[in-house]
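Asks: Structure in structure tokens, see below.
Just so it is clear, none of the values below were taken in a lab; they were calculated from the coordinates. Keep in mind that what you see is a predicted model, and the values were worked out from it rather than measured. All Cβ positions, even for glycine, are placed from backbone atoms using ideal geometry, and neighbour counts span all protein chains on display.
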Amino acid sequence: MSTITRRDPLQYLAQELDAMRSQGIYRRLRILEDEQKAHTNFDHRSVVNLSSNNYLGLTTHPRLRQRALEAIEQFGVGSGSVRTIAGTMAIHMELERRLAEFKKTEAVVVFQSGFTANAGTVSSVLSKEDVIISDELNHASIIDGSRLSRATIKVFPHKDVDAVRRILRDLPSGPRKLLITDGVFSMDGDLGPLPDLCALAEEYGCIMMVDDAHASGVFGANGRGTIDHFDVHGRVDIQVGTLSKAIGALGGYVAGSRSLIDFLYHRARPFLFSTSHPPSVAATCLAAIDVLLEEPAIIERLWENTRFFKAGLVALGFNTGISESPITPVIVGDGALAMKLSDTLFEQGVFAQGIAFPTVARDQARVRTIVTATHTRDDLQFALDAFKNVGTALGVI
Ligand SMILES: Cc1ncc(COP(=O)(O)O)c(C=O)c1O
């Protein structure tokens, strides 16, 4: 028997966690004990929930629940395979058809998540000889997909159209180029400058790609996203959307030309190597499209709540950055202070997650709020009162 005592080779992870604890940015996961809705229970506490991406309240919408249950009865609970072997069910194809119609593109491919849609697409469409021109605040899935592609990555300062022009001007004309931005930036809630970027993409012959995860169901007619909001239909070659946020279920998709989608069917690694959605998820998403088309008042309610809550935070004197969407950050700078603000709000019945480095820059820590269509005015006023009390007590306002 060996007498060697094995040292834990993962010891360094515990040290990194200790460092996070001493900086006050170690996070315990909050546990949701009820449905994902505007007023709910986390960690045995009843709270106004300002932390979910459930913009329209669709996670608990009766039409979505019903369609999911019917699909389970009719088709069972799993697809049993990746799409390219035996896991393409008729309901997956129906969802892709309906999404393409909704987004006004030739075709759509559905992925398991928005993350895999971005990462799987960028990494398969681009290769080593190509160049990716990417906003510094683009989502992690774009960054990972870009790295996987092995293309040269040129990062431009947030929304700096002149910097993009300089990068493009200096690049040789040979390599293929992808210009990529988020439609709505997830930590600041501001919009990508789509019309200007589309114009540059056209001038310099770039592929234009937009990640509309936080715009799906929120911006544009019936929630068609920022491409519709800015009326740049036909000028964005690759549109990514998510089914995990406003749509209330799970998944991501790419909308574009028939040949783009056929290529992704053959080359996008998450599509080839990871099992497809359970049929109930596809059915839920189909019901969500019906709701967007038939109950647009729900989107108007989201915007009324957004205007009310944003104005309230600004009137209290918080720094809410440059948001133009239902995502409103309350920027405090220091990571430990952001976590303290979040924790104290939670004790007072408001759940607004603290966010620090590496998700945002070290001096840009914040509490991020997202209102939904299903918050009542009382919920939002209660939250504003709590922000006032806690913000004053911690010297944030
Ligand atoms: C901008 C952006 N893109 C993509 C994603 C990934 O979407 P999903 O949650 O569906 O994987 C997110 C979600 O965190 C996001 O904020």
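Asks: Taking K and R as +1 and D and E as -1, what net charge do the other residues with C-beta under 15 Å from the C-beta of residue 143 add up to? If you can, show how the numbers build up before the last one.
Replies: On the way: positive: 147, 150, 154; negative: 135, 136, 144, 182, 211.
Summing Lys/Arg as +1 and Asp/Glu as -1 gives -2.
Asks: Using 0.36 nm per residue of separation minus the Cα-Cα distance, give me the extension gain between residue 60 and residue 392 in nm, one decimal. Each step should come with its number before you reach the end.
Replies: Values: separation 332, 0.36 × 332 = 119.52 nm, distance 3.51 nm.
Full extension from residue 60 to residue 392 adds 116.0 nm.
Asks: Quick one: if you stick a label point 7 Å off each Cα along the C-beta vector at residue 41 and residue 144, how many nm between them?
Replies: 3.3 nm
Asks: Still on this structure: Using r as the Cβ-Cβ distance of residue 32 and residue 171, and R0 as 51 Å, what FRET efficiency do you calculate, to the nearest 0.05?
Replies: Details: r = 47 Å, r/R0 = 0.91.
Calculated transfer efficiency: 0.65.
Asks: Can you give the three extents of the C-alpha atoms in the range 273-381 along their principal axes, from longest to shortest, in whole Å?
Replies: 44, 40, 28
Asks: Could you check which residue among 13, 178, 345 shows the biggest mean-square fluctuation in a GNM of the chain with a 10 Å Cα cutoff?
Replies: Among 13, 178, 345, the largest GNM mean-square fluctuation belongs to 13.
Asks: Quick one: order 247, 72, 31 by neighbouring beta-carbon count within 10 Å, fewest to most.
Replies: Working: 247 29, 72 14, 31 9.
Taking fewest neighbouring Cβ atoms as first place, the list is 31, 72, 247.
Asks: Average projected area of the Cα convex hull of the chain, in nm²? Write out the running numbers ahead of the final one.
Replies: Working: hull surface 94.2 nm².
The directionally averaged projection comes out at 23.6 nm².
Asks: Now a separate question. For the range 133-175 and the range 8-52, what is the separation of their C-alpha centers, rounded to whole Å?
Replies: 33 Å
Asks: Amide H of residue 192: which non-local residues (sequence gap of 5 or more, or other chain) have their own amide H closer than 5 Å, using H built in the peptide plane?
Replies: 184, 185
Asks: Right, here's the next one. Taking amide H positions as placed 1.01 Å from N in the peptide plane, with prolines and chain starts having none, which residues 5 or more places from residue 155, or on another chain, fall under 5 Å of its amide H?
Replies: Correct list: 134.
Asks: Where does each of 310-318, 231-239 land if you order them by average Cβ count within 10 Å, highest first? Present the calculation step by step, with values, prior to reporting the outcome.
Replies: Values: 310-318: 16.2, 231-239: 18.3.
Final packing ranking: 231-239, 310-318.
Asks: Could I ask something else about it? Note down the net charge around residue 395, summing +1 for each Lys or Arg and -1 for each Asp or Glu among other residues with Cβ under 12 Å from its Cβ. Intermediate values should be presented prior to the final figure.
Replies: Working: positive: 340; negative: 334.
With Lys, Arg at +1 and Asp, Glu at -1, the net is 0.
Asks: Report, ordered by chain and residue number, the lysines lying within cross-link reach of residue 104, taken as a straight Cα distance under 29 Å and ignoring same-chain residues fewer than 8 apart.
Replies: Output for residue 104: 159, 177, 245.
Asks: Hey, what do the phi angles of the range 227-244 turn into as Karplus ³J(HN,Hα) couplings, whole Hz, using 6.51/-1.76/1.60 and θ = phi - 60°, x for Gly and Pro?
Replies: With coefficients 6.51, -1.76 and 1.60, one gets 5, 6, 4, 8, 6, 10, 4, x, 10, 10, 6, 10, 10, 10, x, 10, 9, 9 Hz.
Asks: I would also like to ask the following. In Å and from the alpha-carbon atoms only, list the Rg and Dmax of the range 1-142.
Replies: Radius of gyration, then largest Cα-Cα span, for the range 1-142: 22.3, 68 Å.
Asks: Related question: Using just the helices of the chain, give the 222 nm mean residue ellipticity in deg cm²/dmol: DSSP H runs with n ≥ 4 each add -39,500 (n - 2.57), and the total is spread over all residues, rounded to 500. Spell out each step's value before the answer.
Replies: Numbers: 14 runs with 169 residues, N = 397.
The per-residue figure over the chain is -13000 deg cm²/dmol.
Asks: Just to be sure I understand: if I project the alpha-carbon convex hull of the range 131-177 onto a plane and average over all orientations, what area do I get in nm²?
Replies: Numbers: hull surface 12.5 nm².
Averaged projected area of the range 131-177's Cα convex hull equals 3.1 nm².
Asks: Counting only residues 5 or more places away or on other chains, whose amide H sits under 5 Å from the amide H of residue 369 once H atoms are built in the peptide plane?
Replies: When sequence neighbours closer than 5 places are left aside, the close amide H contacts are 328, 330.
Asks: If you don't mind, there's one more thing I want to ask. For the range 195-254, what percent of Cα pairs sit more than 18 Å apart?
Replies: On the way: 585 of 1770 pairs.
Tail of P(r) above 18 Å: 33 percent of Cα pairs.
Asks: For residue 388, list the aspartates and glutamates whose Cα falls under 12 Å from its own Cα; do not include residues on the same chain fewer than 8 positions away.
Replies: Within the straight-line limit of under 12 Å, residue 388 reaches no aspartates and glutamates at all.
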